[in-house]
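Remarks on the structure that follows.
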Amino acid sequence: MVAEVIINSTAKKLNRTFDYNIPKELEDMVFIGSKVLVPFGRFKTLEEAHVVGIKQSSEFEIKDIAKVETGLTDKQIELANWMAKRYFCNVSECIKLMQTPGTRTKNVNNRIQEKKINVVYLKKDFDEISFDIESGKIKSDKQIRILNFVKDNEGCTIPEIEAFTDCTRAIVNTLIKNEYLELVEKNIERNPLNSKKVDSTQNLKLTDEQEKAFNKVAETIDNNKYEQFLLYGVTGSGKTEVYLQLIDKAIKENKSAIVLVPEISLTPQMLDRFISRFGKEKIAVLHSKLSIGERHDEWERIKDGKAKIVIGARSAIFAPVQNLGIIIIDEEHDSSYKSEASPKYNAKEVAKKIAKEAKIPLLLGSATPDLTTFYNAKECNKITLLELTKRANNSNLPKVEIVDLKQELANGNRSMLSNDLYQAIEQNLKDKLQTILFLNRRGYSTFIMCRNCGYTVKCKNCNISMTYHSYENKLKCHYCGYEEKLVKTCPECGSDKIRYFGTGTQKLEQEIHKQFSQAKTIRMDVDTVTKKNSHEEILNKFKNGEADILIGTQMVVKGHHFPKVTLVGVIAADSSLNIDDYRATERTFQILTQVAGRAGRENLPGKVIIQSYNPENFSIQNAQKQNYEEFYETEIALRKQLKYPPFCDIIIIGFNSINEEEIKKVSNLAYEIATKNLDNEEFKIFKPMPSPIDKIQNKFRWRIIIKGNMNEKANETLNELLKTLYAKDYKNTKITIDVNPNNMVWLR
Ligand code: ADP
Ligand code: ZN
Ligand code: ZN
């Protein structure tokens, strides 16, 4: 028999199958999905590969498979193949997402070791041991104490014996040597939830709306049927309770569940709700802060069927669950479900594929659904809409006020804080209540320009403005991390009229200290969140009342629940509105609605103040009213008129090169092939152009934008296009294709 294998490599040329002979003695062990080691290339080293097909014979002269290990299932291989086509990447890159973390290395010694401990068992029947004691063969008191202890506590550790019998390790060893006791190696799991103690909770009695939603989804679990649902309801409307009860149903039927949440929402509080309902043994958590050992062990607990509920960020969709019963994606509008690195997969699409194959429901949930999701639910019947219209615990929505910054300026207020926001902060400080201030830019000044000649200070590696960071007193590039000293005179004209414009979180913090000298603040942005768990630490400090005001970027928007926060200030709602991306208004609406949801969730009434230069913009207006549907109606009409998703897909062929001549040549060739092979009626192909940020880390960036509805034929054509370009071996140029990327500007 012959195996077709995919070599573990990101080299584009190796994204195809190679034939290997399956030696007779391995025939019963090699299946589709098996991980194998094979001799490859001129060097005699063995390469790791996965079997993706098995056939009778090969037309080539082939070598033997050297070694087999368990790998993936044939279903996973099928999914990897599907993903590789759809997301224009190597099959091996997709396989990697599905492999047990820490096992992807040829050198077995470097792999994650099972963490083992030695535990002690009796080696003989206790009757036999009793006989030896009575007959005086065992005389020592201590030995007898130990034997009695182990009889009652088989599987204990040596330190436990030492502690409870007050004997030393030496005596245990003697008993082992005399064959009364034996040591057994046992795997222990590094369960990241181990230190947690949480009171248990019961299912709540569902409201009518919750029950209706529950029943619809439950029915598909019962009938083993694929269906996609959208659970649409404001924060606090009881979506999570519906998830919990559906999961409960699934595991009672011996099925399992995958729950995806945005990484940043995966907080201890959030996990506590699941643990309190199901207990930590049944739950596996997967996120990027786990050590590779922890991720390895979680993966094994899932594979073994011990953990039936997987909660995790994007890549948890690949968890090796058995007998999957439901997939839930919370905050489905969140952009983190789409990977920006290769494979550039969208976890929602992968979830849909898995749910279809497994004939199970896929439940999406959000207070501000992705426009495309809502469109598919409302107008296309592709998704079943389930609505929760009331807040489950009757807490009130906060009062939202919009401040026109143009008016503030006209009144002579040049500070970052409008009059209203200033007074509200002052009042909150007096009342000993907490405030969150949100500004989506970090650093101090985001733009440095010479007033005399117009020169702006840019990164020497990237075509992008440097940001001034006041705490380190340095200029930093937010794209490549390059730093330099402050500029005092203009390098262009020598003038000293260098001015710093734009505001970031550091400037805001200093301004708050200036205006409220007694206020204690905590800042949370990429610059303050660095160490493991530090994100958590900052939020806990704030929650424990160690500061009056939390100042932060996007990071403060999600997850946490702060009972004492009654005021939220949005410093500049326009910062996300002015980005050159068709989703700018959608993102602004989502962020503002979410930030607003931070205020006054308990019994204290909340207040939100949004400062803006465009107070009449409909995304800001509707965020004020917390009216998703009105926002949706306006935005979807605009998308239709301008032909943007969901009315078409946006495909970006991206080029990235240190060689400017080559990048032009390659992108022009790509354009030629695309225009020749794609249907010009269906697809609008724009000429190659430099990207909005046309240089990052000394690499030029160009792109071709294509608008149209992606289909199988176009997918095929574009895969062919890539193959043609790869075959030409442009050494300096990287080519990628991304469908509906998160960010049109290619921000990171
Ligand atoms: P969401 O996930 O939509 O934000 P949650 O499920 O977290 O909403 O519910 C918000 C609050 O309401 C929680 O404190 C939850 O315990 C409570 N809650 C949810 N459903 C019910 C219910 N049926 N009866 C009573 N309280 C409920
Ligand atoms: Zn100048
Ligand atoms: Zn840079």
Counting only residues in the stretch 468-480 that are in contact with a Gly (Cβ under 9 Å, 6 or more places away or on another chain) and over 18 Å from residue 497 (Cα atoms), the one nearest to ligand 1 (Cβ to nearest atom) is identified as 478
Would you check which residues across the stretch 77-89 are open to solvent by less than 50 Å² (accessible area, probe 1.4 Å) and under 21 Å from the mean Cα position of the chain (by Cα) and list them?
79, 80, 83, 84, 87, 88, 89
Reported set for the stretch 275-298 where residues are closer than 23 Å to residue 352 by Cβ and either of a type in the set (Phe, Trp, Tyr) or out of contact with any Lys or Arg (no Cβ under 7 Å at 6 or more places or on another chain) (or both) is 287
Given the stretch 181-274, what strands (runs of 3 or more DSSP E) lie entirely inside it while holding 3 or more residues that are away from ligand 1 (no atom under 14 Å from the Cβ) and modelled with pLDDT of 95 or more?
227-233, 256-260
Does residue 309 satisfy being open to solvent by less than 10 Å² (accessible area, probe 1.4 Å), more than 14 Å from residue 351 (Cβ to Cβ) and more than 16 Å from ligand 3 (Cβ to nearest atom)?
yes
Just for the stretch 477-501: of the residues that are open to solvent by 30 Å² or more (accessible area, probe 1.4 Å) and assigned to a strand (DSSP E or B), which one is nearest to ligand 2 (Cβ to nearest atom)?
499
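Okay, residues lined up against (1) of a type in the set (Phe, Trp, Tyr); (2) touching a residue at least 12 places away in the same chain (Cβ under 8 Å):
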site	(1), (2)
137	no, no
149	yes, yes
164	yes, yes
169	no, no
179	no, yes
184	no, yes
Among the residues of the stretch 479-495, count how many are within 16 Å of ligand 3 (Cβ to nearest atom), on the phi < 0 side of the Ramachandran plot and not aromatic (Phe, Trp, Tyr).
5
Just to be sure, is residue 508 in a strand (DSSP E or B) and either touching a residue at least 60 places away in the same chain (Cβ under 8 Å) or within 24 Å of residue 623 (Cβ to Cβ) (or both)?
no
In the stretch 451-467, residue farthest from ligand 1 (Cβ to nearest atom) [restricted to those that are touching a Lys or Arg at 6+ places or on another chain (Cβ under 8 Å) and either open to solvent by less than 50 Å² (accessible area, probe 1.4 Å) or assigned to a strand (DSSP E or B) (or both)]
461
Please go through the stretch 426-445 and pick out each residue that is in contact with a Phe, Trp or Tyr (Cβ under 8 Å, 6 or more places away or on another chain), open to solvent by less than 30 Å² (accessible area, probe 1.4 Å) and either within 16 Å of ligand 2 (Cβ to nearest atom) or within 19 Å of residue 471 (Cα to Cα) (or both).
443, 445
For the stretch 545-597, how many residues are open to solvent by less than 30 Å² (accessible area, probe 1.4 Å), within 17 Å of residue 522 (Cβ to Cβ) and part of a helix (DSSP H, G or I)?
3
Can residue 696 be described as open to solvent by 10 Å² or more (accessible area, probe 1.4 Å) and in contact with a strand residue (DSSP E or B) (Cβ under 9 Å, 6 or more places away or on another chain)?
yes
Within the stretch 430-444, does at least one residue satisfy the condition of being within 16 Å of ligand 3 (Cβ to nearest atom), under 30 Å from residue 367 (Cα atoms) and either touching a strand residue (DSSP E or B) at 6+ places or on another chain (Cβ under 8 Å) or of a type in the set (Asp, Glu) (or both)?
yes
Determine, yes or no, whether residue 288 is under 23 Å from residue 264 (Cα atoms), open to solvent by 50 Å² or more (accessible area, probe 1.4 Å) and free of Cβ contacts under 8 Å to residues at least 60 places away in the same chain.
yes
Considering every residue within the stretch 504-526, establish whether at least one is over 26 Å from residue 606 (Cβ atoms), within 16 Å of ligand 3 (Cβ to nearest atom), modelled with pLDDT under 85 and touching a helix residue (DSSP H, G or I) at 6+ places or on another chain (Cβ under 9 Å).
yes
Give me a count of the residues in the stretch 240-284 that are over 24 Å from residue 211 (Cβ atoms), surrounded by 19 or more Cβ atoms within 10 Å (Cβ to Cβ) and out of contact with any strand residue (DSSP E or B) (no Cβ under 9 Å at 6 or more places or on another chain).
2
Per-region count, the stretch 133-150, residues charged (D, E, K, R) and surrounded by 12 or more Cβ atoms within 10 Å (Cβ to Cβ):
2
Taking the stretch 614-667, which residues are touching a residue at least 24 places away in the same chain (Cβ under 8 Å), assigned to a helix (DSSP H, G or I) and polar (S, T, N, Q)?
619, 621, 622, 624, 667
Hey, any hits in the stretch 392-415 for a residue that's in contact (Cβ under 8 Å) with a residue 40 or more places away in the chain and touching a Leu at 6+ places or on another chain (Cβ under 6 Å)?
no
One residue from 356, 382, 406 being of a type in the set (Lys, Arg), part of a loop (DSSP other than H, G, I, E, B) and either more than 16 Å from ligand 3 (Cβ to nearest atom) or surrounded by 15 or more Cβ atoms within 10 Å (Cβ to Cβ) (or both):
382
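The values are calculated or read from the model by the stated rules, or taken from the named source; none is laboratory data. Everything numeric in this text was worked out from a predicted model, so none of it was measured. When we count neighbours, we look across all protein chains shown, and the Cβ atoms used for this are built from the backbone with ideal geometry, even at glycine. Just the protein is used for accessible areas: all its heavy atoms, side chains included, with ligands, DNA and RNA removed. Shrake-Rupley method; radii C 1.70, N 1.55, O 1.52, S 1.80 Å.
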